Ligand SMILES: Cc1ncc(COP(=O)(O)O)c(C=O)c1O
């Protein structure tokens, strides 16, 4: 293992920058529309603008909202713009966070504290989330000691309303819906859920980390988007990410509240710290001014027209790719996703969808694999319009290759994902994934080979390959059983 130490003498900046480029040589090619998650690219000109806006406030810190007035102004204007987009009114309040996960963590902490403040029930407060809700809710429940109840989905991949109703027991602090959910791209029936929650006096958080800066524009483009935002009376808060379909720089999301009645449970105040009286609205201490500036700047330079153009492109690309997938024998799109996010799977037992993923990866496409059911995932942005046809050509070729060579399902990442998806002992999987995390972050374990730079390969992939023998043993055990 290479031990990397602080260089004794500083190195020339150009040399360091050149090394960074070499380190990135094997990274996914997002500029060319080769990624279907992680990066939202609105073109080089917009990207350069974000860099410049970020750079202007690169050093400023949003920790103390009274210090840099500029940052506070960016934040409150972003909140006002978002509230107006999402059906809010003069009572709507909120803040800028570093991302979807921070918005969700903060929302759950706030609802927990509000629940405890109002009711002194024993046990953990219950939070009902659709089975498809983002994993950040699970993380929040683990961090804040909440009882997370995953509600099953109906056949259309939206949360099953009957199942939700049956779980609305005393002790329920919050219900969550997604607009849309990450895995299948469908929007839960927020109007019905809102009605149900309002009748029971239970708050409803809508996770629109993906849809917040997308759905209002798709609606304006004439798409039939069902009501899902503050216009639904039962909705009490919304998370919406600027750094996704808002085409801002990384590190920007908003958490909006119907009124201060909810948000007041979010604030942290310490009066006795020797560093002085301290108050904070979010989870972070230091907050990057660059992220605020780039997010405000993105809204200003794009404006309504810019978002309509970008989302129109993404929608056309998504429709083209979904239609193309439906036309490939043996593949289907799951459900009827209304926006630009969807999942697709194989209906042909000879075509292993994870092997298709591997063949796409070999052709330079970075696609995410999902379980329940085994499928591939796609988040389409404006950057995909130019590559929709070449992606479909490669997808057709990948499907044919896998159909002709079924043994591909037993190789590479397909073998690992296939086994993980089917091993029923989730505790075993968890234990091994924890081991992987220790290996990635620990000493003497598997560290990225910095000396090798671009040739180092992806540590998770290498771990996955090492985990294969274990998973094979496990699956043999189950076959015997
Ligand atoms: C629906 C949804 N919610 C929350 C998140 C978490 O957002 P972040 O990765 O910015 O923390 C994501 C991320 O993809 C998401 O798709």
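A Förster distance of 51 Å, applied to the separation of the beta-carbon atoms of residue 433 and residue 198, puts the FRET efficiency at 0.80. When the label point is put 7 Å from the Cα of residue 393 along its Cα-to-beta-carbon vector, which residues of segment 322-352 have a backbone N closer than 20 Å? Of the residues in segment 322-352, 322-329 have backbone N under 20 Å from the label point off residue 393.
Residue-normalised convex hull volume from the C-alpha trace of segment 54-299: 124 Å³ per residue.
Estimated at 0.36 nm per residue, the fully extended path between residue 69 and residue 404 surpasses their Cα-Cα distance by 114.3 nm. Note on residue 4 and residue 304: their simple-model spin labels are 4.8 nm apart, each label 7 Å out from Cα toward Cβ. Label reach from residue 52 (point 7 Å along Cα→C-beta): in segment 285-328, amide nitrogens under 16 Å belong to 293-303. Between residue 279 and residue 386, residue separation times 0.36 nm minus the direct Cα-Cα distance comes to 33.7 nm. Spherically averaged projected area of the convex hull of Cα atoms, segment 117-199: 5.6 nm².
Each listed q (0.07, 0.11, 0.12 Å⁻¹) maps to a log10 I(q)/I(0) for the chain from the Debye sum over equal C-alpha point scatterers, namely -0.40, -1.05, -1.25.
Across segment 54-299, the relative contact order, built from alpha-carbon pairs under 8 Å that are at least six residues apart, equals 29 percent. Among beta bridges from DSSP that stay inside the chain, the antiparallel ones total about 60%.
Relative contact order of the chain, taken over Cα pairs closer than 8 Å and 6 or more residues apart, is 18 percent. Working value for segment 295-411: equivalent-ellipsoid semi-axes of 30, 13, 13 Å, each the square root of 5 times a Cα gyration tensor eigenvalue, largest first.
In terms of packing, defined here as the mean over residues of other Cβ atoms within 10 angstrom, the peptides 159-167, 25-33 line up highest first as 159-167, 25-33.
Taking packing as the residue-averaged number of other Cβ atoms within 10 angstrom, the listed peptides 243-252, 405-414, 263-272 run from highest to lowest as 243-252, 405-414, 263-272.
First measure r as the distance between the Cβ atoms of residue 161 and residue 17, then evaluate 1/(1 + (r/R0)^6) with R0 = 60 Å and state the FRET efficiency to the nearest 0.05. Computed FRET efficiency for residue 161 and residue 17: 0.65. According to a simple spin-label model (label point 7 Å from Cα along Cα-to-Cβ), what is the distance in nm between residue 411 and residue 220? It works out to 4.9 nm between the two label points. Normalised by the number of residues in segment 309-350, the average gap of Cα pairs under 8 Å and 6 or more apart makes the relative contact order 34 percent.
Using the average count of surrounding beta-carbon atoms within 10 Å as a protection proxy, the listed peptides 66-78, 208-220 rank, highest first, as 208-220, 66-78.
Values in this text are rule-based calculations from the coordinates and carry no lab data. This one's a predicted model, so the numbers in the text were calculated from it and none came from an experiment. Please note: Cβ atoms are built from the backbone with ideal geometry, for glycine as well, and neighbour counts cover all protein chains shown.
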